[in-house]
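The values are calculated or read from the model by the stated rules, or taken from the named source; none is laboratory data. Just so it is clear, the structure is predicted and the values come from calculations on it, not from any experiment. Note that we place each Cβ from the backbone using ideal geometry, even for glycine, and neighbour counts take in every protein chain shown. Each accessible area value is taken on the protein alone, full model and side chains, heavy atoms only, with ligands, DNA and RNA left out. Shrake-Rupley method; radii C 1.70, N 1.55, O 1.52, S 1.80 Å.
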Amino acid sequence: MIRIRRSFLVAVAAALVAVGLPGTASAGAQMPIPNADPFYSAGGDISGVAPGTVLAARQVPNPPNFIGVNTWQLAFRSTASEGKPIVGVTTVFVPIVKAPDGPLLSYQQIVNALGLKCAPSQALYSTDPNVVIRDAAALNVVFQRGWSVAMTDHLGPTSAYGAAKLGGQLTLDGIRAAKNFDPLQLRNSPVAMAGYSGGGMATAWAAALAPSYAPELNIVGSAQGGVPMNLVKMGYLLGEDTPHPAFGLVLAAAIGLGREYPDRMPVSENLTPQGTAMMNQVANSCTNDILAVGANHSAAEITANRSVFQDPEGRRVVEENSLELYPGIPRAPIFEWHSPTDVLIPVDAIDNSTRRYCAAGTPVQTLLTPSPDHLSAALLGLPAALQWLNDRFAGLPAPSTC
């Protein structure tokens, strides 16, 4: 179990805060290059429109190697972290042979990114090796079972990486949109959710938010793996004071949180010139480039004024996006898997969250994978997760290891 001293936690929050926020030195890096496709924006005022309402729809070609489906993209009304109406986009794959109101799986792809080109709705069609989603065609396995799949751009219209609560809300509204769009014949479909790592974080937040944010959805379960349940602890693990190979993820989360909470985070003038240059380099990047730029750096190295580590408002923002600290309880059963020796995520935060869910009566089945590697654990747990989802759609009682 990973043990974190309380004295470091304030520093960690600001490690996320201090390395990527708006300021005169790097204002151009703060927001991503806008998407020129008008489908991704809404005309007029959508504040009075219900979350999940479809604003635009289009049928698009299938991504490469997708077989036996029709593919649609839906733009829908969703809600930003602090209540502002925003436009979300989901890509929905509907098997050509399926029953009306057949199962709907909301699948949250791993997206560690700041560039809008990295969002699933675009990356599915990309040939750029730094953008393409190589494992996407594995969804053919569930298409053959007659399941429809909604894959939402869960980082939102500004690619706010690290804004985990936002990801949960977008996921739920993407499900609503798919069910609301009658040509898909999903209005009465049972729903399950799945995702790993960053996709697992959006899935886990959606599960926890659903009872209050989308209580009408018939969610039969969520499969969530390798979830970063506490961003404060994760920031410490990945390079608060000591250089770390994966520090780029902390840098990206700081920028993403700054995009989502521009009025609550310290400005980027606290960066050193090196820090500002790194921010500019990653502002429109996907995973590989983010990791390359941040490799073996730390927050302490690129922050000019360490006093911002004590910023209480910045700490609150990071805590508000840490699921371990969110009091809500998922109502639907959970399948959770991770490596007990995963070095990229705080495993104790997963354990603490699972214990709290179990104590509240939510069935949780936990699978511990033998690999210490974060990504290989995803593959090791996938067959069991798929069978668990199949059983939920079949209406079988959910097992529990609580």
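Tabulated values for the structure
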| item | result |
| --- | --- |
| Close pairs from the range 203-219: first at pLDDT 95 or above, partner of a type in the set (Phe, Trp, Tyr), Cβ under 8 Å, at least 6 apart | TRP205/TYR326; ALA208/TYR326 |
| Residues being among the β-branched types (Val, Ile, Thr), under 24 Å from the mean Cα position of the chain (by Cα) and open to solvent by 60 Å² or more (accessible area, probe 1.4 Å) - total across the range 31-83 | 1 |
| One residue from ALA178, ALA150, ALA192, ALA138 being without any contact (Cβ under 8 Å) to a residue 12 or more places away in the chain, outside any loop (DSSP other than H, G, I, E, B) and over 24 Å from ALA253 (Cβ atoms) | ALA138 |
| Pair list, Cβ under 9 Å, 6 or more apart: the range 316-344 residue basic (Lys, Arg), other residue at pLDDT below 95 and open to solvent by less than 50 Å² (accessible area, probe 1.4 Å) | ARG316/ALA13; ARG316/ARG264 |
| Residues of the range 132-157 that turn out to be in contact with a Gly (Cβ under 8 Å, 6 or more places away or on another chain) and of a type in the set (Val, Ile, Thr), as a count | 1 |
| Unmet requirement for ALA254, which otherwise passes all of (1) open to solvent by 10 Å² or more (accessible area, probe 1.4 Å); (2) closer than 30 Å to PRO327 by Cβ; (3) among the small types (Gly, Ala, Ser) | (1) |
| ALA99, sole failed condition from (1) farther than 26 Å from HIS374 by Cβ; (2) at pLDDT 95 or above | (2) |
| Criterion (at pLDDT below 95, closer than 26 Å to GLY248 by Cα, among the hydrophobic types (A, V, I, L, M, F, W, C) and out of contact with any His (no Cβ under 7 Å at 6 or more places or on another chain)) met by exactly one of ALA113, ALA119 | ALA113 |
